[in-house]
Amino acid sequence: MKISTIVIIISIISFSVLSCVSDTSNTTSNKEDEKLKAKQDSIMLVQAIQDSLQKDSLLKVEALATAEEAKRVAEEKKLEEERIALERKDSIRREKKLLAEKKRKEREAKAPKITFEKVIHNFGTIKEGDVVKYEFHFKNTGKGKLEILDATATCGCTAPGYNFLPINPGAESAISVTYNSKNKKGPQRPEITVRTNAYPKSKYILKLEGVVEPAE
C-alpha cells in the first residue's frame, strides 16, 4: 500500500472522530477544548505515521546501497586476488625458466662438444663396383670426455666405423666410412647418423654424394 493512501485513510478516520466530537460538544467550552485536542492528536498521529514511513523508506534505501557497496567490494577483492594469483604464476614461471637456463649453461660448460671439419663428402663419379673410403674428422671442442655412442647408415652399402674409447677435450678422431657401389647406378646419397654424448647437440648426419656409372 502506498504512503499517500495510508495518509488519506488516517485523515478520514481523524476527521470522522472530529465530527463526532463536534456534534456532541457545541454547547460547552469543554467540548470545544476536546474538539481542538482531538484535532491536534489527529494531526500528530498523521505526522508520526508519515515520519515512520519515511524513516522505513530511508532504511530500505540505505540497506540497498549497503548491499550494492558490499557487492562492489567483493568483486574488487576477487579481481585483486585473481591479479595476485596471475602475478604469482608468472613469477614462478620466470623462476623456473631462469633455473632451467642456469642448469643448461652449467651443463654445457662441463659437457663435451663435437666439431666436424665437414659433414658432406662428394666422391665424384665412380664405376659400379668401386669402393669409396673416407674419414670424417672431428675434434672434441667441449670440456668433458666425448663418446661416440652409435653410427648407423641408411643402407647396407655403407659401413661406418668409429673409436669406442672416450675422446678427451681438445683431442681429435674420425668416423670412417666405406661405401660399396656394387649394384648401384646414378646419383647416390647415403647418410650416416652419428649419436654422441655431446651437448647441447648430440646427433649429427654425415653424407656421401656422388654418381655411379655402369661398369664397362
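Read-outs: derived from the displayed coordinates by stated rules, not from any lab. Keep in mind the model is a prediction, meaning the values are calculated, not measured. Neighbour counts run over all protein chains shown; Cβ positions are idealised from the backbone, glycine included.
Observations
- For the stretch 111-123, putting each phi into the Karplus relation 6.51 cos²θ - 1.76 cosθ + 1.60 with θ = phi - 60° gives couplings of 8, x, 9, 9, 10, 8, 5, 7, 10, 10, 10, 9, 8 Hz, in residue order, rounded to whole numbers and with x for Gly and Pro.
- Under 5 Å, built H, 5+ apart or other chain: amide partners of N163: A174
- Residues whose placed amide H lies under 5 Å from that of E147, excluding near-sequence neighbours: I167, N197, A198
- Taking Lys and Arg as +1 and Asp and Glu as -1, the other residues whose beta-carbon sits under 10 Å from that of E128 total +1.
- The C-alpha atoms of the chain define a longest principal axis, and helix 3-24 lies at about 10 degrees to it.
- Averaging over all projection directions, the Cα-based convex hull of the stretch 92-197 occupies 8.6 nm² in the image plane.
- Computing Rg and the Kirkwood Rh from the Cα coordinates of the stretch 35-82 gives a ratio, Rg/Rh, of 1.51.
- Dipole magnitude (debye, nearest 20) for the chain, charges at Cβ of Lys, Arg, Asp, Glu: 1560 debye
- Taking amide H as placed 1.01 Å from N in the peptide plane, the amide H of D130 sits under 5 Å from that of S181, each at least 5 places away or on another chain.
- The value obtained for the chain, namely the Cα convex hull volume divided by the number of residues, is 218 Å³ per residue.
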